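Notes follow once the structure below has been shown.
The values are calculated or read from the model by the stated rules, or taken from the named source; none is laboratory data. Predicted model, so just to flag it, every value in this text is computed and none were measured. For neighbour counting, all protein chains shown are included, and Cβ atoms are generated from backbone atoms with ideal geometry for every residue, glycine included.
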Amino acid sequence: MDAAARERLATPVEFVRGVGAARAELLAKLGIRTAAGLLFHFPRDYQDLSDERPVDQLVEGELLSVRGVVHEVSATSSGFGRSRVSVLVIDAAGHGLRATWFNQPFMRDKFRKGQTVLFTAKPTQKRLMWEMSHPQVTYLADEEAPLDTKLLPVYPLTEGLSQYAMRRCVQGAVEGFAELLDEVFPADLLAKFSLMPLVEAVRKIHHPAEREEMERARRRFVFQELFILQLALSIRRSEQRALPAPPLEVTAKIDARIRRLLPFELTAGQNAAIAEIAADIALDRPMNRMLQGDVGSGKTIVALYAMLAAVAHGYQAALMAPTEILAQQHAQTLTKILEDSRVRWTLLTGSLTKAERDAVLAKLAAGDLDVVIGTHAVVQEAVKFAKLGLVIVDEQHKFGVRQRAALRQGEVAPHYLVMTATPIPRTLGMTLFGDLDFSTLREMPAGRQPVSTYLVDPDKEARWWAFVRDRLREGRQAYVVAPLVDESETVAAPSVAAAFEQLTNDELADFRLGILHGRMPPAEKSAAMDAFRAGETQVLVSTTVIEVGVDVPNATVMTVSGGDRFGLAQLHQLRGRVGRGQNPGFCGVLIGEADEKARERLQAFADKSDGFELAELDFTLRGPGDLFGQQQHGLPPLRIADLMRDRDLLEEARRDAQLLVAEDPGLKHADHAPLREQMMKRYGEALELGDVG
Ligand code: ADP
Ligand code: MG
């Protein structure tokens, strides 16, 4: 782009026609400071003016438009500051319609007698008069003028800035500056991807003549946004692969030695995942793989296999868990399995004394320990390894994209395996983890018991607790999960504290109850967990801290209160806590006063047992927000693409971006400079992209 055009596009908004100093200040609140900023302030929606009707053909409750001439404007006030502005318009056939605004006295000055307007709203008929309350207003040149658009843009606003003013501002920018914009895609790609050229797309997205045009303009920007994200992910991936990593070939001998330690036959899925991992780590570039598997699908053993393969080659391995409880649980698994092996390993947690901790760190630095298990925070912080060959992170999505590279040591990168029990909808996987390869465990190990799920209405709760008591008397254990730690004044949801008190005094008074939540100090948490594991407490009342990974085979009953407060994927994880031993599992969801929609969602949960299916459904019903908050994954938010609505385009953009990176790995070709610039600007920092040029 030439420098003069660039400079003009950076014109402060104040000097864009239709803006001025006062509006410029309001626009700044939306982050809009320049002419270019206005051009790329896209509508969040469009108002459809197309269904224009004469007054005598209006239908109650449908969104419709009426064109008419202003006949009378009146304002009344009723004291207490309440006011009403009423505008009577007459359509071409001579029928009247009254529009009213309450408490917006300024509306009175927006109309002149004799002016032609278009009102859009859902009309109602009172006595014989048609009325619209707070309609959208479009001013027209005269009674006959055809609309030059059937779609009015609706912009994100800030207080003090009207939709009408915003339209003027954007229109000013489009007229004065749009043509200065330089195309981001080279001509061949523009043609290949069938994209509307940039300048035209900017004009059309703000001022489409019809829906089809708007869709095509929008498609261009959505595609561009997704394409640039996928370029970034693809380049990050090739950068990571460019680092040397230790080749850890799993020979037949090593394989046999590892399998001798395992207490059971692996499932076909576990074997397949191991084969994929073995193929990756045999190479001299780092593995970057995500192991995805439903709760209880047996990911730990796969991780252990990979760690032992590293150790067999004289390398160290680190296993990081999101919580101390989970780290301890992994340690217990290792204790059993590594009993008769010479592997030197340790658990590094926040509860070690400084002296103990220093001793562990010294051993790791000296290469006197082969495997370390710990929480993410503890292991990552200043641990030096003598020869780190493999890093495994359990429950990756809790950590975010950024941290993935953090354990790299020196010039050699360790192999990397992340594990998650949160089934990730495909579209999200492609965006948040687009730089990883995936392995998936779809089946459960033999002996896994099915979990029967029930929705429990308020009037059936007594029966449910009777059922829980029966299981406890048989010697089984139970979880009770509530969404909140304490009673809240603002949120009407069940709390752990209240549930504990209620159950202790009433339904489960004859049993030993424990309590566990995220606000307890680590030592108390592990004490609570240990007591439950040992069977000292029979019922554990907790928040979702038990959501991930906890394994107590004797626990067979899960009660979730306030079920509608949880996502389906999360409920599914909770359900996965039970049915882990020889006895069948039961999950009761107390639905309280859940509304019809929530009930339907929960019914789907009760009916389906496949976590992946539920995750997709959750994604469709509730969007990505619940699964992965933006802060959690650390990527800048998408501005126009909608991962649900634009799934197909995402797939396309991903394929095309990968092809382009294969062809021009550093995007060095002059034609690709604008794409590269956009990519670096948006994702360079978030994805720690090197200067690929
Ligand atoms: P998750 O994938 O949820 O982390 P785990 O690795 O904790 O699952 O495994 C769940 C339970 O299944 C553990 O008790 C584990 O010992 C057991 N398990 C794993 N793989 C097998 C297998 N192939 N056969 C029998 N039991 C298995
Ligand atoms: Mg696990």
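If the condition is being aliphatic (A, V, I, L, M) and within 15 Å of ligand 1 (Cβ to nearest atom), then segment 559-593 contributes 569, 574, 578.
Going through segment 260-277 one residue at a time, which ones are exposed (fewer than 14 other Cβ atoms within 10 Å of the Cβ) and closer than 11 Å to residue 302 by Cα? Please lay out each step first, then the result.
Our first condition is that a residue be exposed (fewer than 14 other Cβ atoms within 10 Å of the Cβ); within segment 260-277, this holds for 260, 263-265, 268, 271, 275.
Hits for segment 260-277 are 271, 275.
Put simply, of 509, 528, 499, 493 the only residue that is in a loop (DSSP other than H, G, I, E, B) and surrounded by 12 or more Cβ atoms within 10 Å (Cβ to Cβ) is 493. Given the structure, is residue 304 touching a helix residue (DSSP H, G or I) at 6+ places or on another chain (Cβ under 8 Å), within 16 Å of ligand 2 (Cβ to nearest atom) and at pLDDT 95 or above? Yes. Residues in segment 448-481 that are in contact with a Gly (Cβ under 7 Å, 6 or more places away or on another chain) and part of a loop (DSSP other than H, G, I, E, B): 448, 449, 450. Can you say whether residue 333 is of a type outside the set (D, E, K, R), touching a residue at least 12 places away in the same chain (Cβ under 8 Å) and under 22 Å from residue 260 (Cα atoms), as far as the supplied structure shows? Spelling it out, residue 333 is indeed of a type outside the set (D, E, K, R), touching a residue at least 12 places away in the same chain (Cβ under 8 Å) and under 22 Å from residue 260 (Cα atoms).
Taken over segment 158-204, the criterion of being under 20 Å from residue 25 (Cβ atoms), in contact with a helix residue (DSSP H, G or I) (Cβ under 6 Å, 6 or more places away or on another chain) and surrounded by fewer than 18 Cβ atoms within 10 Å (Cβ to Cβ) is satisfied by 158, 160.
Let's see how each residue does on (1) surrounded by 16 or more Cβ atoms within 10 Å (Cβ to Cβ); (2) part of a strand (DSSP E or B); (3) touching a residue at least 60 places away in the same chain (Cβ under 8 Å):
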| site | (1), (2), (3) |
| --- | --- |
| 21 | no, no, no |
| 36 | yes, no, yes |
| 72 | no, yes, no |
| 76 | no, yes, no |
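A Cβ distance below 6 Å, combined with a sequence gap of six or more or placement on separate chains, defines the contacts here; from segment 615-640, residues that are closer than 20 Å to residue 292 by Cα and surrounded by 15 or more Cβ atoms within 10 Å (Cβ to Cβ) reach residues that are modelled with pLDDT of 60 or more and not hydrophobic (A, V, I, L, M, F, W, C) in the pairs 615/423; 615/425; 616/425; 618/567; 619/425; 626/567. For segment 323-348, filtering for residues that are buried (at least 21 other Cβ atoms within 10 Å of the Cβ) and in a loop (DSSP other than H, G, I, E, B) leaves 1. With respect to the conditions (1) modelled with pLDDT under 85; (2) closer than 19 Å to residue 333 by Cβ, residue 392 lacks only one, and its number is (1).
Applying the criterion of being part of a loop (DSSP other than H, G, I, E, B) and over 29 Å from the mean Cα position of the chain (by Cα) to the residues of segment 271-312, the residue that is farthest from ligand 1 (Cβ to nearest atom) is 284. Every condition in (1) out of contact with any Gly (no Cβ under 9 Å at 6 or more places or on another chain); (2) more than 16 Å from ligand 1 (Cβ to nearest atom); (3) of a type in the set (Lys, Arg) holds for residue 533 except the one numbered (2). Scanning segment 654-673 for residues being outside any helix (DSSP H, G or I) and either among the aliphatic types (A, V, I, L, M) or within 21 Å of residue 240 (Cβ to Cβ) (or both) gives a total of 5.
From the list 105, 156, which one is touching a Leu at 6+ places or on another chain (Cβ under 9 Å), of a type outside the set (A, V, I, L, M) and either at positive phi or not assigned by TED's automatic domain parsing to the domain that holds residue 25 (or both)?
Values: 105 fails: touching a Leu at 6+ places or on another chain (Cβ under 9 Å).
Being touching a Leu at 6+ places or on another chain (Cβ under 9 Å), of a type outside the set (A, V, I, L, M) and either at positive phi or not assigned by TED's automatic domain parsing to the domain that holds residue 25 (or both) holds for just one of 105, 156, which is 156.
Residue pairs whose Cβ atoms lie under 6 Å apart, sitting 6 or more positions apart in sequence or on different chains, and linking a residue in segment 420-432 that is part of a loop (DSSP other than H, G, I, E, B) to a partner that is more than 16 Å from ligand 2 (Cβ to nearest atom), are 423/612; 423/615; 425/615; 425/616; 425/619.
Show me the strands (runs of 3 or more DSSP E) entirely contained within segment 96-181 in which 1 or more residues are touching a Pro at 6+ places or on another chain (Cβ under 8 Å) and not aromatic (Phe, Trp, Tyr).
Passing ranges, in order: 96-102, 116-121, 129-133, 151-154.
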